There are 2 protein chains.
Amino acid sequence: MANLKSLAEHLGLSQATVSRALNNYSTVNQATRTRVLEAAQKLNYRPNSSARRLATGRADAIGIVLPHHDDLLVDPHFADFLAAFTKKLATYDNDVVLTAADNPQTYQRFAQIGKVDGFVISAPKAHDERIAVLSKLNFPFIVHGRCETDLPYGFYDIDNEGAFYDATKLLLELGHTRIGLLNGAADLMFAKQRLDGYTRAHKEFGLKTTPQLIHHDHMTEEYGYRHAQALLELDDRPTAFLCSSTLVTVGAQRRIREMGLEIGKDISIITHDDGLSSLKTENFSVALTVTRAPIRDAGTEIAKMVIDLIRGTPIDQLQKVVPVDLIVRTSTSAPKRSRS
Amino acid sequence: MANLKSLAEHLGLSQATVSRALNNYSTVNQATRTRVLEAAQKLNYRPNSSARRLATGRADAIGIVLPHHDDLLVDPHFADFLAAFTKKLATYDNDVVLTAADNPQTYQRFAQIGKVDGFVISAPKAHDERIAVLSKLNFPFIVHGRCETDLPYGFYDIDNEGAFYDATKLLLELGHTRIGLLNGAADLMFAKQRLDGYTRAHKEFGLKTTPQLIHHDHMTEEYGYRHAQALLELDDRPTAFLCSSTLVTVGAQRRIREMGLEIGKDISIITHDDGLSSLKTENFSVALTVTRAPIRDAGTEIAKMVIDLIRGTPIDQLQKVVPVDLIVRTSTSAPKRSRS
DNA sequence: ACAATTGTTGAAAGCGCTTTCAATGATTGT
DNA sequence: ACAATCATTGAAAGCGCTTTCAACAATTGT
């Protein structure tokens, strides 16, 4: 396997010159550069990653710690995010280093030993320990989402509050007054933001929210089913659902159907749609009204942001909240007159 | 930031001894080791990853190239696989390096520059170029699946042929003669294996397979819907479906319902169930008969296998095919008498 | 009591790059 | 024509570790 030394010898040049030629330094003669490039190509030379990392101090890699739960439940959104993120990062010649064991020490260790140049933190909680740890280490990171802290940090987030405000408002305007909320896990910021939007809309209409109508849980089909069931068994059952993800909606839909109810008539649904590539809301039997923000956009944008951060862009220029579209389709309508 | 040199100076020892103490060499005095370990802890010392990699020649990382398509369609199974894989790999102090750009050069480059010690190849095609490339480089890899090559290689695969043979046989025994196959993309080995099982069962019953009943495509909800529709519009429509994944089944189910048909009565369904954590077959309205092989098992097992491979276990001991359970629930029954 | 062994440590040579600094010859300005 | 600049290159230090080899004291065997 060719290394720099053998390549230099082969060319009758010093390692320094060869290295410079390969790394596009302007100080090297054009003819020499060409000669080096050709030889490198011919001998199939590639600089050793570890040596380069040691010499430069850069890893050219971004870390992501797998957001796993005890039961190894995997958020299907994660795959879409990761795909877009990885693809974009590749355009910067960076790759993604994944690891499990989601605790603060993991971040600290990774930061210290130079395995990665930065981190992406996903699904932040209100007071997220990871942010505290990385801030103290002064190690670059971008948060996918926001949290409640005074520490400065870069983030990409969608306007969850606004999205669920809009969605709730639409339902209220249609005349719904009992709106079930099938939210994500309670400790996650995005769920909190969505609840805030839901609450704000109610306030604006002079309504109080009802605790029984608000459910928090992991976003799976199964939980969608269970919580929809619980909601539909209430004496004063809701006439509309607000779902936090398409998979939850699949579950809710299942329960709704079992009860012989019809979406868009007996019960309205608005779901948040992350644009999952394998489960599209356009394709539900009843075309779903959605708040839409493709999670792949987040992956792509965050890749760019974390690279910018590492290259020196100040944090306050790396704080982005994108609006969320409300797309009205046929799963929403005015509520039926209340049951006898 | 403490490095080996400063730690050694602090202790009044040589770097060599400190390094040995830290790396559990038996030749170092017990008292010394304790002293070193304590100091390392106190000074929060962690060996630099790049330096260590350069010195040892190991990266302690396994590469996975994102199996993306042009349209960035992400297989939701991938998330579950990756989670299990990453978690298991962490127990060996290895992490996962993800990259995009799925072409042979990517593998070659990664192997050469020492970014990873091995690869996992997923979703192999019959004559997979990646296997040829890595074999020629003599670079360690484990295939998730099998392919048609004379080259020796390690693999973990489920018995796709047997699973779909069993499933088909069950349907045939129930009296079905027209069985729609909603298979994965045609160029993938697992789809081929499943088709083989489907065909073998037909042969055993003295039946010929019908091309119109066999569909190949990406495994999404949307395609499930479309192909189910196509099948159900046939003059001589099938009385049973064999689906390659739960998501496909969700789509098929949607179409079936739209046509006012009932699963388990009007039409039988068997689906392959990878045990996706966010979409469980137990939870379908009609409990689904499935061929079941949790994809997380693959992730866990392959992590172990690739580490074993790197550590010297011979390839012929790293070839595993696991059986697939056929779990009969209520989505399968004898066909109704044919329509008038 | 002397050689042979064992246990423990340190010096130093890498691993394969990047980058600083100095050196060289060629070019320019006056 | 001589100093000053420029373009190009090489020598060598260093990144922070691991590991070989030699060194030494302490122990053992005979």
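Please count how many residues of segment A:16-47 are within 13 Å of DNA strand C (Cβ to nearest atom) and of a type in the set (D, E, K, R).
Of the residues in that region, 2 qualify.
Find the strands (runs of 3 or more DSSP E) located wholly in segment B:60-147 whose residues include 2 or more that are crowded, with 22+ Cβ neighbours inside 10 Å and facing chain A (nearest Cβ under 10 Å), and list them.
B:61-65, B:95-99
Keeping to segment B:19-33, report how many residues are in a helix (DSSP H, G or I) and within 11 Å of DNA strand D (Cβ to nearest atom).
Total meeting the criteria: 4.
Just for segment A:1-15: of the residues that are more than 8 Å from DNA strand C (Cβ to nearest atom) and crowded, with 18+ Cβ neighbours inside 10 Å, which one is nearest to residue B:139 (Cα to Cα)?
Across segment A:1-15, the extreme among qualifying residues is A:8.
Which of (1) surrounded by fewer than 18 Cβ atoms within 10 Å (Cβ to Cβ); (2) touching a Phe, Trp or Tyr at 6+ places or on another chain (Cβ under 8 Å); (3) farther than 30 Å from residue B:41 by Cα is the odd one out, the single condition residue A:173 does not satisfy?
(2) is the only condition that residue A:173 fails.
Looking at residue A:257 and the list (1) buried (at least 17 other Cβ atoms within 10 Å of the Cβ); (2) more than 24 Å from the chain's Cα centre (by Cα); (3) in a helix (DSSP H, G or I), which single condition is not satisfied?
Unmet condition: (1).
Pick from segment A:34-54 the residues that are among the polar types (S, T, N, Q) and within 13 Å of DNA strand D (Cβ to nearest atom): which of them is nearest to residue B:55 (Cα to Cα)?
Only one residue tops the list, namely A:50.
Filter segment A:194-230 for residues that are more than 17 Å from residue A:249 (Cβ to Cβ) and in a loop (DSSP other than H, G, I, E, B) and give the result.
Answer for segment A:194-230, where residues must be more than 17 Å from residue A:249 (Cβ to Cβ) and in a loop (DSSP other than H, G, I, E, B): A:205, A:206, A:207, A:208, A:209, A:210.
Hey, among A:242, A:279, A:213, A:247, which residue is under 18 Å from residue A:169 (Cβ atoms) and crowded, with 24+ Cβ neighbours inside 10 Å?
A:242
Which residues, taken from segment B:1-16, are of a type outside the set (Gly, Ala, Ser), near DNA strand D (Cβ under 8 Å from one of its atoms) and touching a residue at least 12 places away in the same chain (Cβ under 8 Å)?
B:3, B:4, B:7
What are the residues in segment A:46-60 that are at negative phi and not basic (Lys, Arg), if any?
A:47, A:48, A:49, A:50, A:51, A:54, A:55, A:56, A:59, listed by residue number.
Tell me yes or no: at least one residue of segment B:158-173 is assigned to a strand (DSSP E or B) and not charged (D, E, K, R).
Yes, segment B:158-173 contains at least one residue that is assigned to a strand (DSSP E or B) and not charged (D, E, K, R).
Can you go through B:318, B:288 and tell me which one is more than 15 Å from residue B:246 (Cα to Cα), at pLDDT 95 or above and hydrophobic (A, V, I, L, M, F, W, C)?
When all the criteria are applied, what remains is B:318.
Please verify whether segment B:48-56 includes one or more residues that are farther than 30 Å from residue B:105 by Cβ, buried (at least 17 other Cβ atoms within 10 Å of the Cβ) and more than 7 Å from chain A (Cβ to nearest Cβ).
Checked segment B:48-56: no residue is farther than 30 Å from residue B:105 by Cβ, buried (at least 17 other Cβ atoms within 10 Å of the Cβ) and more than 7 Å from chain A (Cβ to nearest Cβ).
The values are calculated or read from the model by the stated rules, or taken from the named source; none is laboratory data. The structure presented is a predicted model; accordingly, all values stated were derived computationally and were not measured. Cβ atoms come from the backbone with ideal geometry, glycine included; neighbour counts cover every protein chain shown.
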